[in-house]
Amino acid sequence: MQLNKALMTNLLVADSTGKSMLGNKVSSLSLDGWITINGKTVAIEATCASKYSLLVQCVEIGDLDVIGNLDLNLDGKLIQLGQCRIRRGMVQNDGKWMVIPYETFYDLEKLFSLGKVSVMEPRLTNLPLVLEHKSGISPAFVQYVSDLSYDLNSYAVLLDKLDIQYKDEPFSVQAVMQATIIEHATPGFTEYMDGKGQELLTFVSSLDEAGQGHYGYFFRRQLWNVILRSPILARTNLKPRGYNGDSEMMQMLYLDDHQGDSTFGKLLHKYSVSQPAGQAVRNRRVDISAMLRERLGKGGTAVDGKVRILSVACGPAFEIQDILATKADCEKIHVSLLDQDQEALAEAATLIAKIGTKLEAAISADYIKESVRTMLADKQLEKRWGRFDFIYSLGLFDYLSAPAATAIIKNLYTLLSPGGEMIIGNLSTSNPCRYFMEYWHDWKLIYRTEEDFLKMVPAVPGIEADVRFDATGIQMMLHIKKQAANV
């Protein structure tokens, strides 16, 4: 059975009402292939059981514990998974066996859902390089990190002991006791972390880019067990979707609360999400929501009168729920959500569908799976996507070089209707949390000044541009307006 590519790529389908439909689950897709048993090639059919295991239907497996080479046919391409172990006792009602390739650990979810071959990194083979990485670190910084690790582990041990002492209490009692402990511990912990943050600046602020990467890697390896105690720090370091700023991270920043499975974890998590840069992220959601609502009040230029909005690198588009408060709001808007992450688009589609259901409204929406490369190279964007009254991008330009950012702004400007507006977000060089983000979160951004931002504005007759700041002074918004047709 050939892998259906349309099924792989068509993650979601949205109708004109904005209701979404997720594609088939990974496990529902199957590939045909072959295994080697006693030197004989036997045909099989396989489905994905988990990230690193398969369900294989083959009556000839019998009482084998290990099978020879397992090959899969991926749209005519031979994928050789090598030898596999049979998980005895894991026999399904339909005669399928759980099989685990063990010569190389393949990411089978990606293979079956996206048609991509990806393997677990052989990290043990890189161990000598990892151990060597500590060379070149100044003794003073080594001592700083050692002291920091000792102090934070001491915090963790003390708080973990307290957690154990009340773990058998009723949940409501546990909650009150933990909240009280956190309330008493927070001022001292915050003062300590702030102080160590200032001390960090003395070691790393003068390092070049290569030095920052070198020192940052050493820092995180030494504090890895501490980092994993905080949900936000664990996610930004592990990057389960391959990048920072995914919907889970953004939700954590928006909630700004205590999360974690221990008092120490909650204390560290809350400190991390409450940094000024985190507040800037929360502020920008409020600010862009106000701008969107103001734009809705002005009406749209489309034939149907709807305000056409484009969100670039939209993520889960949480801000959309901030402006669609009534059925009348839903009737005024058409929103196009663009992202290269299929999962983010699926989450955005689900969110909009929930809003539509709650308000009993038909929300006009479409979902565009495209990358930054498209906005740089495609000269037919207006033909493909149409024109918009309002275009915004909040979390993309912090990762783009100046030439790429300038080119994208120029191309997006051509998509604005006369009188249309565009908002581009970028964190300012004034961000006091830069090194906390880089060293603790492994989250590196490209920072800009107000002057840098204005240099990106295309030289087009009638264009208006200014830079706005949020209340923290960290989040910048480049506001560009196209001259109205009758001016």
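Read-outs: derived from the displayed coordinates by stated rules, not from any lab. Because the structure is a prediction, the values reported are computed rather than measured. Quick reminder, even Gly has a Cβ in these numbers, built from the backbone with ideal geometry, and neighbours come from all protein chains shown.
Across all Cα atoms of the range 237-323, the radius of gyration (one decimal) and Dmax (whole number) stand at 16.6, 56 Å.
Dividing the convex hull volume of the alpha carbon atoms of the range 163-285 by its residue count gives 140 Å³ per residue. Across the range 422-430, rounded Karplus estimates of 3J(HN,Hα) from the backbone phi angles (6.51 cos²θ - 1.76 cosθ + 1.60, θ = phi - 60°) give 9, 10, 10, x, 7, 6, 7, 4, 7 Hz, Gly and Pro being marked x.
Largest first and in whole Å, give the semi-axes of the range 221-261's equivalent ellipsoid, each being the square root of 5 times a Cα gyration tensor eigenvalue. So the equivalent ellipsoid measures 17, 14, 6 Å along its semi-axes.
Can you give the direction-averaged projected area of the convex hull of the alpha-carbon atoms in the range 304-348, in nm²? Kindly include the intermediate steps, with their values, before the conclusion.
On the way: hull surface 12.9 nm².
For the range 304-348, the mean projected area of the Cα convex hull comes to 3.2 nm².
Full extension of the chain segment joining Gln251 with Glu209 gains 12.1 nm, where the gain is 0.36 nm per residue of separation less the Cα-Cα distance. Over the C-alpha trace of the range 150-216, radius of gyration and Dmax come out as 17.5, 53 angstrom. For the range 97-250, take N as its residue count and report Rg(C-alpha) divided by 2.2 N^0.38 Å. So the Cα radius of gyration is 1.36 times the expected 2.2 N^0.38 Å. As a size descriptor, the averaged projected area of the C-alpha convex hull of the chain was calculated at 29.0 nm². Inter-part distance, the range 142-181 to the range 245-278, computed on C-alpha centroids, equals 17 Å.
Restriction of the GluC sites (Glu not before Pro) in the range 318-363 to DSSP coil positions whose beta-carbon has at most 12 other beta-carbons within 10 angstrom yields Glu360. Residue by residue through the range 177-192, what is 3J(HN,Hα) from phi via Karplus (6.51 cos²θ - 1.76 cosθ + 1.60, θ = phi - 60°)? Round to whole Hz and write x for glycine and proline. Per-residue couplings from phi come out as 5, 5, 4, 5, 4, 4, 4, 6, 7, 4, x, x, 5, 5, 4, 5 Hz. Of all beta bridges that DSSP places with both ends in the chain, some 70 percent have antiparallel geometry. Computed from backbone phi with θ = phi - 60° and the Karplus coefficients 6.51, -1.76 and 1.60, the 3J(HN,Hα) list for the range 270-278 is 4, 4, 5, 6, 8, 4, x, 5, x Hz; x is used for glycine and proline.
Which value in Å does the Kirkwood hydrodynamic radius of the range 353-440 take, with 1/r averaged over all unlike C-alpha pairs and then inverted? Please report the intermediate quantities before stating the final value.
On the way: mean 1/r = 0.0639 Å⁻¹.
With all distinct Cα pairs of the range 353-440 included, I get 15.7 Å.
Spread over its residues, the convex hull of the C-alpha atoms of the range 340-486 is 160 Å³ per residue.
For the peptides 452-465, 168-181, what is the packing order when you average, over each peptide's residues, the other Cβ atoms within 10 Å and list the highest mean first? Write down the numbers at each step before the final one.
Values: 452-465: 14.0, 168-181: 12.1.
Most protected by this proxy first, the peptides run 452-465, 168-181.
Go ahead and estimate [θ] at 222 nm for the chain from helices alone: -39,500 (n - 2.57) per DSSP H run with n ≥ 4, summed, over the residue count, rounded to 500. Intermediate values should be presented prior to the final figure.
Details: 19 runs with 211 residues, N = 487.
Result for the chain: -13000 deg cm²/dmol, rounded to the nearest 500.
Taking the range 237-371 as the region of interest, the number of lysine pairs whose Cα atoms are within less than 22 Å, with members eight or more places apart or on different chains, is 15. Modelled this way, with points 7 Å down the Cα-to-C-beta line, the labels at Asp322 and Asp168 are 4.8 nm from one another. For the range 301-405, taking Cα atoms only, Rg and Dmax work out to 14.1, 45 Å respectively.
Net charge dipole, the chain: roughly 920 debye, given to the nearest 20, about the Cα centre with Cβ charges of +1 for Lys and Arg and -1 for Asp and Glu. Here the scattering of the range 280-358 is modelled by Debye summation over its C-alpha atoms, one equal scatterer each and no solvent; at q = 0.15 Å⁻¹ the log10 of I(q)/I(0) is -0.52. Extending 7 Å from Cα along the Cβ direction at Val176 and again at Tyr102 yields two label points whose distance is 5.3 nm.
What does the convex hull of the alpha-carbon atoms of the range 432-487 project to on average, in nm²? Mind showing how you got there, number by number?
On the way: hull surface 20.8 nm².
Mean projected area of the Cα convex hull: 5.2 nm².
Once backbone amide H atoms are built at 1.01 Å from N, Asp378 has no partners under 5 Å, excluding neighbours fewer than 5 places away on the same chain.
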